[in-house]
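Just so it is clear, none of the values below were taken in a lab; they were calculated from the coordinates. Fair warning: this is a prediction, and the values are worked out from it, not measured in the lab. Here Cβ is always computed from backbone atoms with ideal geometry, including for glycine, and neighbour counts include all displayed protein chains.
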Protein chains: 2
Amino acid sequence: MYGHQRAGLFPSNFPQFLASGDGALIRDVDGREFVDFLLGYGPMVLGYQNRVVEEAAQRQRELADCQNAPSARMVELAELMVDMVDHAQWAYFAKNGTDATTTALTIARAATGRAKILVERASYHGAAPWCTPGTAGISAADRANIRYFDYNDLPSLRAAFDEADDDLAGVIITPFKHNDGVDQELIDPAFARELRATCDRKGAVLILDDVRCGMRLEMGSSWANLDVQPDLSVWGKAISNGYPVSAILGRDSLRDAAATIFSTGTFWFAAVPMAAAIATIQELRAIDGVRLQRRAGDRLRAGLVAQAQAHGFDVSYTGPSQMPYLRFHDDPEHQLSFAFSAAALDNGVYLHPRHNWFVSTAHTDAVIDRALEGTDRAFATLAAKS
Amino acid sequence: MYGHQRAGLFPSNFPQFLASGDGALIRDVDGREFVDFLLGYGPMVLGYQNRVVEEAAQRQRELADCQNAPSARMVELAELMVDMVDHAQWAYFAKNGTDATTTALTIARAATGRAKILVERASYHGAAPWCTPGTAGISAADRANIRYFDYNDLPSLRAAFDEADDDLAGVIITPFKHNDGVDQELIDPAFARELRATCDRKGAVLILDDVRCGMRLEMGSSWANLDVQPDLSVWGKAISNGYPVSAILGRDSLRDAAATIFSTGTFWFAAVPMAAAIATIQELRAIDGVRLQRRAGDRLRAGLVAQAQAHGFDVSYTGPSQMPYLRFHDDPEHQLSFAFSAAALDNGVYLHPRHNWFVSTAHTDAVIDRALEGTDRAFATLAAKS
């Protein structure tokens, strides 16, 4: 097994193969059932087997999916997303997040005629050679035009701008810091403002990588309530409740540059995932999905923080409630995180030991309470061993 | 619109948006129906809405698709493909062809600890920065480790090997020359043998890009009947009849290298496309799909070549019958090709003016004959204008 779904990255009781999912529940091939807080690493924002999305996908499937040209769903989805996102006047669709972040870099380079891109040092922007967290098989040329800064750290950002000098094409950044295995951190508005101002001064493209967060914090991009807006935003995961489609949205000023590049894929234009995305976005709006996610996340946060304290553990519980991360203090090797995830799994709760978690609109109060019963037993197991 | 599905690349009567497909027929959003010889640029090898594939996909869909971990379908598909392909002892799945070719390069680099890759000058291996036919937004570093040769041209291959010197990681090549807008050419066995021998001598990885041809010429890779075998082969398109999944198959000696890289995607492990691929491969075997494609292609070839001659046009009709390309002589700007495709479309036949065509197992004799009636009228229109 390879990539992020390799069971070797997890405690040894985690399943390598899953059998089915329904709502907030998943089942492995051995018949074990779990309340899921990973959701396919984010996409299943309405829960597994969501009726509204599945019916929309089925209606499109009976017409066509993969064709020589897109379906009308592409126009409908583009209009829906552009209407929803203030900074966007056009949309470009791809398949995975990596396709879309890579295409966004290419657009920035085409627009500016320059090559350098600034990237936050430990942020995940996908698994292409320019950004994969691995190093095997990656050559120096793959990252020759990448320069690094640290999240919310202005001196490091200024140094990276200086390094890129007059060859700066753009900056890519996640809406908040959700890097693996460390406390999450919201964007410092002063940091965002200087980032935007410097991009403007240098004529560089500011790219918001909203693949993981999109449609979880705000429907109109995760920076919708910030006084700083990007030039391009990249979307994926939660926009289509598990169907494979990603998107780049952009400002009018970048439309011509986007039209000059050649970035494409056989399956990028497929109609069923676009029909699923339309249904997902409409349903999230109809039920106020962001509020439901926040409600579920707040309940989970309150329960877990209280349980940790009751069992005598010092923890940080960081990030928005919809995408939380729990870190044990004095646990630099993540041994407690791993032991806790393992114990939670044994008690019917699927929690990643190093990656942030997700909640869906299918995580009702009853589901959260069921999960909290499991985590309480997990904390007790952990306390008994310590 | 962007990428390969941009109507701007076609004669002006081609539709930008399609509505539905069934068997070998497609319908655009204005209700026009065409016999299709592009098949989503290759994938629809069993035709649109194939019952066997759709039922298998539906059975899996009722369980799960996008999850935290793969389904058992992944093991079944890996075993099926490895059993079918002599040079393969393991499989690695991705989404698009580009994902898989890029991952194959990364594996070759990880295995050898070297960076340079030899690529045929005009071959299409996808739309990532290292290989996209476009140049906008592409920087010199993206191709710093790529060296070029010409298909079946030994002196150019030897020069490229010399250029790469002791930094050669591998060579990627299509099974035959199917480059845009030029006559297709089968591989010269002597060229293949020297390519293989030099890779062996230099310890470089030979990668067969079978994305476009796989399961059209032979089920066990397009070089199954050649006395030269690759170290890695890359698959996509026809392996799953339109569902998004691609694959890398490899020799045992590269298994460890493949395990060291980090190449992945949120949707790469999805179960439904793997269920569709299993059904597609089993069905192609059950009905001898390669023979059916060849039969349909031979009938199309015989008809078109006779029509061209009858209407007084000199043409080359090249490549395997399953993946033909018709080129008009004395047509360097492709004006005749465009006019012919436009006339064919007006007569109910969808033929790409510059890209090779495909037939499916749904192209029965009656379908081919219906198409030939249309192309005969198209040639007549063209002759009347000349």
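Using the Kirkwood formula over every pair of different C-alpha atoms, what hydrodynamic radius in Å results for the stretch B:170-244?
Values: mean 1/r = 0.0769 Å⁻¹.
After inverting the mean inverse Cα-Cα distance, the result is 13.0 Å.
Could you state the angle between the C-alpha long axis of helix A:51-61 and the longest principal axis of the C-alpha atoms of chain A, as a value from 0 to 90 degrees rounded to the nearest 10? Helix A:51-61 sits roughly 50 degrees off the main axis of chain A. In terms of its C-alpha gyration tensor, chain A comes out oblate, because a/c is 1.5 or above while a/b does not outweigh b/c.
Normalised by residue number, the volume inside the convex hull of the Cα atoms of the stretch B:1-143 is 196 Å³ per residue. Distances between copies of B:ARG193, taken at a point 7 Å out from Cα along the Cα→Cβ vector and listed shortest first: 7.4 nm. The calculated FRET efficiency for A:ASN225 paired with B:ASP288, based on their beta-carbon distance and R0 = 56 Å, is about 0.40.
Inverting the pair-averaged 1/r between distinct Cα atoms of the stretch B:285-386 gives 13.7 Å as its Kirkwood hydrodynamic radius.
Take the alpha carbon gyration tensor of the stretch B:122-205, find the square roots of its eigenvalues, order them as a ≥ b ≥ c, and report rounded if a/c is under 1.5; if not, report prolate when a/b exceeds b/c, else oblate. Here the stretch B:122-205 falls in the oblate category. Summed over qualifying helices (DSSP H, 4 residues or more, each -39500 (n - 2.57)) and divided by its residue number, chain A shows a 222 nm mean residue ellipticity of -12000 deg cm²/dmol.
The modelled label-to-label distance between B:ALA310 and A:ARG158, using points 7 Å beyond Cα along the C-beta direction, is 7.9 nm.
Compute the length gained on full extension between A:HIS329 and A:GLU62: take 0.36 nm times their separation in residues and subtract their Cα-Cα distance, giving the result in nm to one decimal.
Details: separation 267, 0.36 × 267 = 96.12 nm, distance 5.27 nm.
The A:HIS329-A:GLU62 span can extend by a further 90.9 nm.
Structure remark: mean-square fluctuation, Gaussian network model of chain A, C-alpha springs under 10 Å; the largest value among A:CYS199, A:CYS66, A:CYS213 belongs to A:CYS66. What separates the Cα centres of the stretch A:325-386 and the stretch A:195-264 is a distance of 32 Å. How would the stretch B:237-289 be classified by its alpha-carbon gyration tensor: rounded, prolate or oblate, with rounded meaning a/c under 1.5 and the a/b versus b/c comparison settling the rest? Note, shape of the stretch B:237-289 comes out oblate. Projected onto its three principal axes, the C-alpha set of the protein assembly as shown covers 88, 51, 50 Å, listed from the longest axis down. If you average the alpha carbon positions of the stretch B:161-190 and of the stretch B:71-115, how far apart do those two centres end up, in angstrom? If we compute the Cα centre of each part, the gap is 20 Å.
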